[in-house]
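Structure record follows, encoded as structure tokens.
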Amino acid sequence: MSAASDRPAGVTGPATPDSAVTGVPCGVPGQQPAGADGHRGEATMADVAERAGVSVSTVSRTLRGLSSVSPQTRDRVEKAARELSFAISRSASSLVTGKTRRIAVLTPHLDSWFLGNTIAGVSGVLREAELDLLVYSVTDLAERGAFFDRLPARRNADAMLVTCFDLTPEERARLDALGMPVVFVSQHVPGRPSVYIDDVDGAQRGMRHLLNLGHRRIAFLQSSDDTGFYWSSKERLTGYRKTLEEAGLPYDEELVLYPVARHRRGIREAVGHLLSLRNPPTAVFAESDEVAIEVMGVLRSSGVDVPGRMSVLGFDDHHLAEWLDLTTVAQPVEDIGRAAAELARSIIDAPEADPTRHVVFPTRVIPRGSTAPPTPPTAGAQADPPHPRNP
């Protein structure tokens, strides 16, 4: 999937000779477009230069976005180009510059709120820079294997953003073979450019929120997935465990469940398991707001008051979290996408700069109405013995 800008511009790098800026007419197939004066025929740079009253080389510099052109001249040239339906041929220009003016994104799927907002942030930066966006969505292990076998991004982009993938060493080596900058998004890869949050710290902040409210039996729901797409959830489980250890509380495997990722029935079964315990948890920490929202729905449909009998905490600050009064650990998703795109652009423009640079965004707990101090236990309630699991 490609989202192209309406008007091209240049990037920092080798200058494009005037001969590489080729006009492409826009109109009905089989019919040449007409300019404002009714003239038909494929417009050339000379036509644009004549109409704008400038030289051909000035037209070339203008349409490549070079800063040496004054704003007034740029406006005249762009107006003339529009009237003549003239545009730069990207393919001709890229043959000379070696730049496609395109950034690729590798993502597990496109129907996730988090990934959608991340790509929206990327798209905003690229649109402002008049770069194209090329998205590769691989939804299962078969598509993942095919992607790394064929590497379709080769020669089709100037950089790649990799979102939410726990890559194997072999896959990382394959991406290195592309010969283009690779920026990791929503994960920290040592020695590689990365844009991310500290998921361990974010989970610890959420756990401390629940502990400070008085909760001691806290369940954790982590999506079960064997494709390696959900990297962050593993880090959040680590934060959950570390906080329990700091508080002197046991890690109870009965309270840590792995419903199938993006599967409502699995979440419902997980909640059913928690409610079937002799002493259910007083709080549930879900790895994402999407899971937390499902948990709240199941609890309320089962007659369990939230947060009266059970608190629910999410992670992300999904756009529905505020409407549903869900307490969450917030992360700036679109800002992460924007920063990743800016980092990729900076590496393209200055490849000799530090390749290990990274950007870390903070998280924060946003208290809402889904968490509260636990209700005192009723008389005769029996506690389940903890079921320790070796790390």
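Here are a few things to note about the model shown:
- Pair list, Cβ under 8 Å, 6 or more apart: segment 141-169 residue over 13 Å from VAL183 (Cβ atoms), other residue assigned to a strand (DSSP E or B) and of a type in the set (D, E, K, R): ASN156/ARG102
- SER85 of a type in the set (S, T, N, Q) and modelled with pLDDT under 90: yes
- If the condition is being crowded, with 20+ Cβ neighbours inside 10 Å and either part of a helix (DSSP H, G or I) or at pLDDT below 85 (or both), then segment 126-143 contributes only LEU126.
- Residue within segment 261-270 that is in contact with a helix residue (DSSP H, G or I) (Cβ under 9 Å, 6 or more places away or on another chain), crowded, with 20+ Cβ neighbours inside 10 Å, modelled with pLDDT under 95 and among the β-branched types (Val, Ile, Thr) present: yes
Yes or no, residue by residue, for (1) open to solvent by 40 Å² or more (accessible area, probe 1.4 Å); (2) under 26 Å from VAL183 (Cα atoms); (3) β-branched (Val, Ile, Thr):
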residue	(1), (2), (3)
VAL312	no, no, yes
PHE315	no, yes, no
LEU320	yes, no, no
ASP325	yes, no, no
ALA330	no, yes, no
ILE348	no, yes, yes
GLU352	yes, yes, no
HIS358	yes, yes, no
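- The set of residues in segment 161-178 being assigned to a helix (DSSP H, G or I) and farther than 19 Å from THR356 by Cβ consists of GLU170, GLU171, ARG174.
- Only residues that are open to solvent by less than 10 Å² (accessible area, probe 1.4 Å) and assigned to a loop (DSSP other than H, G, I, E, B) were counted across segment 179-205, and they come to 3.
- Looking only at residues of segment 52-69 that are within 22 Å of GLU130 (Cβ to Cβ) and at pLDDT 90 or above, we find that the one that is least open to solvent (accessible area, probe 1.4 Å) is ALA52.
- Selection status of THR163, hydroxyl-bearing (Ser, Thr, Tyr) and modelled with pLDDT of 85 or more: yes
- Looking only at residues of segment 147-172 that are out of contact with any helix residue (DSSP H, G or I) (no Cβ under 7 Å at 6 or more places or on another chain) and of a type in the set (S, T, N, Q), we find that the one that is nearest to LEU131 (Cα to Cα) is ASN156.
- When TYR258 is tested against (1) touching a helix residue (DSSP H, G or I) at 6+ places or on another chain (Cβ under 9 Å); (2) farther than 23 Å from GLU235 by Cα; (3) open to solvent by 20 Å² or more (accessible area, probe 1.4 Å); (4) not polar (S, T, N, Q), only condition (2) is not met.
- The numbered conditions (1) at pLDDT 85 or above; (2) open to solvent by 10 Å² or more (accessible area, probe 1.4 Å); (3) more than 24 Å from SER223 (Cα to Cα) are all true for ARG154 except (1).
The values are calculated or read from the model by the stated rules, or taken from the named source; none is laboratory data. On a predicted model such as this, the values are computed, not experimentally measured, just so you know. For neighbour counting, all protein chains shown are included, and Cβ atoms are generated from backbone atoms with ideal geometry for every residue, glycine included. What goes into the accessible areas is simple: the full protein's heavy atoms, side chains included, and nothing from ligands, DNA or RNA. Shrake-Rupley method; radii C 1.70, N 1.55, O 1.52, S 1.80 Å.
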